[in-house]
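The values are calculated or read from the model by the stated rules, or taken from the named source; none is laboratory data. All figures in this text were calculated on a predicted structure; none of them were measured in a lab. No Cβ is skipped: glycine too gets one built from the backbone with ideal geometry, and neighbour counts run over all protein chains shown. Accessible surface is based on the protein model in full, side chains and every heavy atom, while ligands, DNA and RNA are left aside. Shrake-Rupley method; radii C 1.70, N 1.55, O 1.52, S 1.80 Å.
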Amino acid sequence: MPRTFRLKSEESIYHIMCKSITEVNLFKDDDDKKKYIYFIKKYKTLYNFKLYGYCLMNNHLHLIIDANGSDISKVMHGINFSYAMYFNKRHERQGHLFRDRFKSIIVANETYLKTLSLYIHNNPTAIVEYRNCPEKYTFSSLSTFLGKRRDLFKLVDFRFVMSLFGSNVKSARKDYYDLVFRCNEEKLKEEIEFDDEKSQYNGDRKILVRNFKADDIIEFISSKMNISKFHLNMKYSRKLVHAKALTVVLMRSLCNFNASDISIILGNITQARVSRLSTIGIELIGTEKNYENIIGDFIEYYA
């Protein structure tokens, strides 16, 4: 049977759900969950989407993703493919890990977004030790929403959703926590999990339009790192690896280019090398203070 067409828009907020095949847990231990979060962070840096909430359970996961101008299919393919490769290698297995493609619903309205957020944060109550304290579950964003624990994984843009529950932070958090425990009814689960929603909720959000030019990115990197634009097109130059890596990340993030596009633009570079440079660039942004805001700096300069 052919796959159904996936409804998507670069301006949408999505409820994403992924499940493992029946006979295998998606996560066998905490290290697996940490690795999946690592891949979320990697592709969040690359595609500059926003994560409004998450919960990783043993055999499934929920994400609330604001595409912010990116292609949700590219985002989720990157995350899930990378994780499946890691999982099979670590656990010495072969074959599919995920049940079909990831499932997605475009969030239709503010009410749906609020209810969805509460619902995914209720998931840990299905675990005996967290039945009365889901905020203590490490692999959920609930504790960050409640201000009980800093965002350990630096993932969640929680303020947008919390603002929907009131302007007074203290009372909004109390109301939110109380409502979490009311989101375990089967009827609500049926409503949340993948009805055929065809509209979308935009709310008071600014969407990043990915229409930047490759030449502007090359100009920006050359100026920031004090190098000649000509050198970025040189095939062999070890000292320019960082410059090329950051150029690749900005092109993938802000121009929606794929590896083939970038290999042509930079010249004399294979698609495999583009992929490797992308990984190096993401690591630089995540670890080097000089580069941690480079995507935002470029957007601010050229917007």
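Please report the net charge: other residues with Cβ closer than 12 Å to the Cβ of R99, K and R +1, D and E -1. After counting each charged neighbour, the total is +1. I want the local charge near Y176. Using Cβ-Cβ distances under 13 Å, sum +1 for each Lys or Arg and -1 for each Asp or Glu among the other residues. Residues near Y176 contribute +4 overall. Largest mean-square fluctuation among E292, E11, E92, in a Gaussian network model of the chain whose springs join Cα atoms under 10 Å apart, belongs to E92. Helices that extend 20 Å or more along their long axis by alpha-carbon positions and average at least -0.5 on the Kyte-Doolittle scale are, among the DSSP H runs of the chain, 72-90, 271-287.
Legend: calculated FRET efficiency, I264 to I227, from the Cβ-Cβ distance at R0 = 22 Å, rounded to 0.05, equals 0.55. Take every pair of alpha-carbon atoms less than 8 Å apart whose residues are at least six positions apart; their mean separation over the length of the stretch 25-70 yields a relative contact order of 38 percent. For the residues E288, E110, E219, a GNM of the chain with alpha-carbon springs under 10 Å puts the largest fluctuation on E288. Rolling a 1.4 angstrom probe over the chain with all protein chains present gives an accessible area of which 48% lies on carbon and sulfur atoms.
Here V24 and K74 are evaluated by their C-beta separation; at R0 = 25 Å the FRET efficiency comes out at 0.50. The calculated 222 nm mean residue ellipticity attributable to helices in the chain amounts to -14000 deg cm²/dmol, summing -39500 (n - 2.57) over DSSP H runs of n ≥ 4 and dividing by all residues. Here the relative contact order of the chain, from alpha carbon pairs under 8 Å that lie six or more residues apart, stands at 19 percent.
Over the chain, accessible surface divided per residue gives 53 Å², non-protein components excluded, 1.4 Å probe. Of K170, K44, the order by accessible heavy-atom surface (1.4 Å probe, DNA, RNA and ligands excluded), from most exposed downward, is K170, K44. Scanning residues 5 or more positions from L61 or on other chains, those with amide H under 5 Å from its amide H are C18, with H placed 1.01 Å from N in the peptide plane.
Label-to-label distance for S275 and K35 is 1.7 nm, based on points extended 7 Å past Cα in the beta-carbon direction.
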